[in-house]
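Asks: Below you will find the structure I want to go over with you.
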Amino acid sequence: VAAQMGVENLTVSPVQQGGTVILKVDGPNVGTLIGRRGETMESLSYLVSLAGNRCGGDYAKITLDVAGYRSKREKDLAALARRVGAKVQKTGRSHMFEPMNPYERRIIHSAISEMENLSSESTGEGADRRVVVRSTAPNALPDKPRGPRSGRSGGKGGARRRGEKERASRKEPR
């Protein structure tokens with residue numbers, strides 16, 4: 001598959017970590033195997049797992065880590081979760097993350113669970129499933145989660161023109 005994607009001269013090293021086999025892949029031009037935010041790597045990991053477990057027998061959890069991307073992404077997501085968690089603790093306002101795959105959501109949940117006065121839950125369906133972090137402190141604000149793009153002005157749905165608000169409240173035709 002990698003050769004068909006134009007990536008050759010790969011080194012694959014299996015590493016046992018708990019009950020999981022991580023296939024560490026290195027070589028030149030492996031960025032193609034990682035893809036945007038690791039999406040291609042996750043898809044390839046799924047295919048490798050299917051191929052590795054097709055013969056029956058005991059199920060083996062097999063994943064790919066291309067050029068150390070998986071471990072770097074774990075650290076980055078845990079740091080992001082801690083930053084967002086600190087902000088939620090400080091402001092009392094909920095935060096909604098961008099949609100993530102189950103593996104990434106699990107990292108966020110794990111990091112948030114280690115922090116005081118915070119809870120996290122996954123909302124949405126399918127590819128739009130995301131993590132919401134809420135404050136459990138008594139002074140927390142009513143739930144109105146802020147996402148990565150909320151609070152910015154401009155574009156559709158931005159500030160109304162002068163007089164538009166009054167017209168909308170009286171429901172006059174334009």
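Asks: Given the conditions (1) out of contact with any Ser or Thr (no Cβ under 6 Å at 6 or more places or on another chain); (2) farther than 21 Å from Glu39 by Cα; (3) at pLDDT below 90, report the number of the one that Glu114 does not fulfil.
Replies: Unmet condition: (3).
Asks: Quick check: is even one residue across region 42-60 farther than 15 Å from Asn101 by Cβ, in contact with a helix residue (DSSP H, G or I) (Cβ under 7 Å, 6 or more places away or on another chain) and open to solvent by 30 Å² or more (accessible area, probe 1.4 Å)?
Replies: Yes, some residue in region 42-60 is farther than 15 Å from Asn101 by Cβ, in contact with a helix residue (DSSP H, G or I) (Cβ under 7 Å, 6 or more places away or on another chain) and open to solvent by 30 Å² or more (accessible area, probe 1.4 Å).
Asks: Between a first residue in region 14-27 that is of a type in the set (Asp, Glu) and a second residue that is surrounded by 11 or more Cβ atoms within 10 Å (Cβ to Cβ), which pairs have beta carbons less than 9 Å apart while being 6 or more apart in sequence or on different chains?
Replies: Here the result reads Asp26/Leu10; Asp26/Val12; Asp26/Val66; Asp26/Ala67; Asp26/Gly68, each pair linking region 14-27 to a residue that is surrounded by 11 or more Cβ atoms within 10 Å (Cβ to Cβ).
Asks: Still on this structure, I have one more. Any idea which residue in region 116-143 is surrounded by the fewest Cβ atoms within 10 Å (Cβ to Cβ), counting only those that are in a loop (DSSP other than H, G, I, E, B) and in contact (Cβ under 8 Å) with a residue 40 or more places away in the chain?
Replies: Asn139
Asks: Suppose we keep only residues that are closer than 29 Å to Arg36 by Cα and β-branched (Val, Ile, Thr) within region 89-111. Which one would you say is least open to solvent (accessible area, probe 1.4 Å)? Write out each step before concluding.
Replies: To start, the set of residues in region 89-111 that are closer than 29 Å to Arg36 by Cα comprises 94-111.
Among the residues that remain, those that are also β-branched (Val, Ile, Thr) are: 107-108.
Numbers: Ile107: 28, Ile108: 0 Å².
For region 89-111, the residue satisfying everything is Ile108.
Asks: Moving on. For region 11-31, give me each residue that is open to solvent by less than 70 Å² (accessible area, probe 1.4 Å) and either among the aliphatic types (A, V, I, L, M) or under 22 Å from the mean Cα position of the chain (by Cα) (or both).
Replies: Val15, Thr20, Val21, Ile22, Leu23, Val25, Val30, Gly31
The values are calculated or read from the model by the stated rules, or taken from the named source; none is laboratory data. This one's a predicted model, so the numbers in the text were calculated from it and none came from an experiment. Cβ: placed from backbone, ideal geometry, glycine included. Neighbour counts: every protein chain shown. Just the protein is used for accessible areas: all its heavy atoms, side chains included, with ligands, DNA and RNA removed. Shrake-Rupley method; radii C 1.70, N 1.55, O 1.52, S 1.80 Å.
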